[in-house]
Every structure is written in C-alpha cells, then in structure tokens.
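The values are calculated or read from the model by the stated rules, or taken from the named source; none is laboratory data. Note that the structure is predicted; figures quoted are calculated from it, not measured. Cβ placement follows ideal geometry from the backbone for every residue including glycine, while neighbour counts extend to all protein chains displayed. Note: areas computed on protein heavy atoms with side chains; ligands, DNA, RNA excluded. Shrake-Rupley method; radii C 1.70, N 1.55, O 1.52, S 1.80 Å.
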Amino acid sequence: MIETDRLILRHWRETDAEALFRYASDPDIGPIAGWHPHTSVENSLEIIQTIFRAPETYAVVLKETGEPVGSCGIMFQDSLHSAEIKQGDAEIGYWIGKPYWGQGLIPEAVKALLARCFNNLHLNAVWCGYYEGNTKSKRVCEKTGFKFHHTNKDIASPLGDQRTEHFHIITKEDYNTSSKRKHI
C-alpha cells in the first residue's frame, strides 16, 4: 500500500468490481488509452482477477470515500507494455474515472509510483506513453517530470487500429535532481 495526501494506492480486490465497472465502462476512458470499455460488473471482476493481479498494479482509492476511482501501475520488461523497455527500466500506466479528471489525482499517484520506482525498486529509468490526442495523459507526463523521448507512428493499438504514440522518460538522475530541487 502507498499513501499520498489524498489517495491510497492498494491492490485491487474482487469487491472493487462494481466501482471499477462504474468508471471503466465509460467510453471516454478506455479507448483513448487503448482498451475496450468494460461491459459488465463480471467483466470488471475478470479484469481484477487477471490483468490487475500484476504485483505493481494499484487501485487509486480516494481517502475521503474509500472508493477506487482509477488504476495505476508499474510494468516491467516481462509485462504487457508499449515502451521498448530494457532491464532496470519500467513503464507507468494510469487512468482515472471522468468525474475526477482535472483534480491532480493521477499526477499525485504517479509521483508516488516514481518514488517507489527509484527509491524502493532501484530502477534506472521509467517510461510513460500515450496515444496522440490523449492530452490529459500528456499533461500528467509534463506535471510529473517526464521528458519527451520519441514518437512511434502507425503502430497497432490493443484495439487493432493504427495510432501514433508518444513516449516520455524520466531517469533516476533526472528524478534525483528534481527531488533535490523541490527540497531546497
């Protein structure tokens, strides 16, 4: 479990299926990130039992209500990811329910995951990618210290269409430098 000012990042529970469905069924959430909207509570439960069982995948839970309203996670070289990561690197992925857009909750969660990546997991670099047009994910990258690295065009998304994907990176050195600057 990881705690921030407003959030608890914890592993998904089967009892979270209804809350997951509430937000992940929204057609404005999944497709822009490359996944299908959830079709039922049972579909959300299946996602919790399979995809969200990965060791570094977390429910984004509001401290105020105890409700999971999104997901974030760290994916390693042997995971399903979009960046061409190497040993010692990882990729961060995230989404949050539409009622919580623009509140800074995902940047807060991503900053906590970056601290875990560099301070606990001792990674060398962390990647973050988003598809063309996903301006909210682009803003998260900007707010959390990622730097643009490259763009891949005409790649197949998990939905089977062709997309342009932009990749950002933050190295341990960049992270340590920005962390020191914040403490001065």
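Looking across region 133-143, not a single residue is at pLDDT 95 or above and assigned to a loop (DSSP other than H, G, I, E, B). Just one of (1) farther than 28 Å from Glu132 by Cα; (2) out of contact with any helix residue (DSSP H, G or I) (no Cβ under 9 Å at 6 or more places or on another chain) fails for Glu14. It is (2). Only helices (runs of 4 or more DSSP H) whose full extent lies in region 1-115 are considered here, and the ones with at least 2 residues that are more than 14 Å from the chain's Cα centre (by Cα) and surrounded by 13 or more Cβ atoms within 10 Å (Cβ to Cβ) are 17-24, 41-49.
Residue pairs whose Cβ atoms lie under 9 Å apart, separated by 6 or more positions or on different chains, with the first residue in region 6-18 and farther than 21 Å from Asn43 by Cβ and of a type in the set (A, V, I, L, M, F, W, C) and the second part of a strand (DSSP E or B) and open to solvent by 100 Å² or more (accessible area, probe 1.4 Å), are Leu9/Glu3. The residue that is nearest to Leu20 (Cα to Cα), counting only those in region 122-135 that are without any contact (Cβ under 8 Å) to a residue 60 or more places away in the chain and surrounded by fewer than 18 Cβ atoms within 10 Å (Cβ to Cβ), is Thr135.
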